[in-house]
1. Tell me which residues, restricted to the range 21-76, are at pLDDT 85 or above and on the phi > 0 side of the Ramachandran plot.
2. Quickly run through the range 52-81 and pick out the residues that are under 30 Å from Ala41 (Cα atoms) and part of a loop (DSSP other than H, G, I, E, B).
Amino acid sequence: MTTPVPPAQAGSGPAAGPALAIVRGNPSAEDIAAVVTVLSARLQPAGATGAGEATRSRWPARSRQLRAPLLRGPGAWRASALPR
């Protein structure tokens with residue numbers, strides 16, 4: 001019969017050791033936070049962007065090539081120059 005190995009000894013989990021080690025220099029807490037943020041964003045799966053989800057660019061969209069419908073009525077010529 002074998003005894004189960006605790007997760008700390010198996011090499012998985014936070015007790016396995018530091019995931020990031022500073023070997024030279026004296027970085028500030030802000031420098032370390034910036035590195036950790038960039039690395040965790042880089043290692044995140046492509047589909048898991050969360051609340052700040054990346055949107056596709058609208059530049060190549062074919063709907064941009066269509067013009068807006070013409071407005072009719074009094075003052076329509078003035079409204080045609082205004083942004084929508």
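1. Listed by number, the residues that qualify are Gly25, Gly73.
2. Answer for the range 52-81, where residues must be under 30 Å from Ala41 (Cα atoms) and part of a loop (DSSP other than H, G, I, E, B): Glu53, Ala54, Thr55, Arg56, Ser57, Arg58, Trp59, Pro60, Ala61.
The values are calculated or read from the model by the stated rules, or taken from the named source; none is laboratory data. Given the structure is predicted, the values throughout are model-derived calculations rather than measurements.
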